[in-house]
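*Asks:* To start, I am sharing the structure in question, which I have written as structure tokens.
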């Protein structure tokens with residue numbers, strides 16, 4: 001499974017503006033709306049689903065990474081958004097460290113298989129320090145797309 005199969009180039013940002021957890025989620029959802037991957041009318045419903053998922057336990061998995069995700073009836077296929085934060089955001093990470101890399105994933109309500117495969121692929125990739133460091137060093141969206149696409153070629 002390739003990340004660029006469900007990550008729209010238009011839903012990638014090299015410097016997220018938000019500095020608080022809930023605001024980051026809103027900004028990531030807005031990226032999907034602006035990319036045409038999500039209806040504007042679905043915004044609050046999706047944010048609520050993400051916050052509900054976060055209430056079960058933080059999706060910040062440590063090492064500066066968060067993978068907020070939810071299943072929702074507002075999408076018919078897997079969609080993703082990606083953002084970097086140079087300053088880092090307190091996201092209630094498992095290791096207590098700030099988060100610098102955000103990968104938002106939304107899946108259709110009835111799509112267990114693709115959702116789990118995507119989460120597994122993302123978390124496996126982010127275990128690679130070289131990949132994480134390359135992403136964190138990106139200064140623009142084109143660099144991010146290049147790094148992710150190069151990693152996708154290895155699949």
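*Asks:* With a ≥ b ≥ c taken as the square roots of the eigenvalues of the C-alpha gyration tensor of the chain, please select rounded if a/c is under 1.5 and otherwise prolate if a/b is larger than b/c or oblate if it is not?
*Replies:* Values: a/c = 1.34, a/b = 1.15, b/c = 1.17.
It is rounded, given that a/c, with a ≥ b ≥ c, falls under 1.5.
*Asks:* Determine the relative contact order of the chain: mean sequence separation of Cα pairs under 8 Å and six or more apart, normalised by residue count, in whole percent.
*Replies:* Details: 262 pairs, mean separation 43.2, N = 155.
Relative CO of the chain lands at 28 percent.
*Asks:* Which residue, 125, 104, 25, tops the fluctuation ranking in a GNM of the chain built on C-alpha contacts under 10 Å?
*Replies:* Fluctuation is largest for 125.
*Asks:* Calculate the FRET efficiency for residue 52 and residue 87 from the Cβ-Cβ distance with a Förster distance of 22 Å, rounded to the nearest 0.05.
*Replies:* Values: r = 27 Å, r/R0 = 1.22.
Computed FRET efficiency for residue 52 and residue 87: 0.25.
*Asks:* Now for a separate question. What is the distance in Å between the Cα centres of the stretch 90-155 and the stretch 1-43?
*Replies:* Centre-to-centre distance over Cα atoms comes out at 13 Å.
*Asks:* Out of all DSSP beta bridges with both ends in the chain, state the antiparallel percent to the nearest 5. Each step should come with its number before you reach the end.
*Replies:* Numbers: 9 of 19 bridges.
Among the beta bridges of the chain, antiparallel pairing accounts for roughly 45 percent.
*Asks:* Where a ≥ b ≥ c are the square roots of the eigenvalues of the C-alpha gyration tensor, would you call the stretch 1-90 rounded, which needs a/c under 1.5, or, failing that, prolate if a/b is larger than b/c, or oblate? Don't jump to the answer; show the numbers that get you there.
*Replies:* Numbers: a/c = 1.41, a/b = 1.19, b/c = 1.19.
Verdict is rounded for the stretch 1-90.
*Asks:* Ok, one more. From the helices alone, meaning DSSP H stretches of at least four residues, give me the mean residue ellipticity at 222 nm for the chain, per-run term -39500 (n - 2.57), in deg cm²/dmol to the nearest 500.
*Replies:* Working: 5 runs with 64 residues, N = 155.
My calculation for the chain gives -13000 deg cm²/dmol from helical runs alone.
*Asks:* Is the shape of the stretch 1-51 rounded, prolate or oblate, going by the alpha carbon gyration tensor and its root eigenvalues a ≥ b ≥ c, with a/c under 1.5 for rounded and a/b larger than b/c for prolate?
*Replies:* Values: a/c = 1.72, a/b = 1.24, b/c = 1.39.
Here the stretch 1-51 falls in the oblate category.
Just so you know, all these numbers are worked out from the coordinates, no wet-lab data involved. All of these numbers come straight from a predicted model, not from anything done at the bench. When we count neighbours, we look across all protein chains shown, and the Cβ atoms used for this are built from the backbone with ideal geometry, even at glycine.
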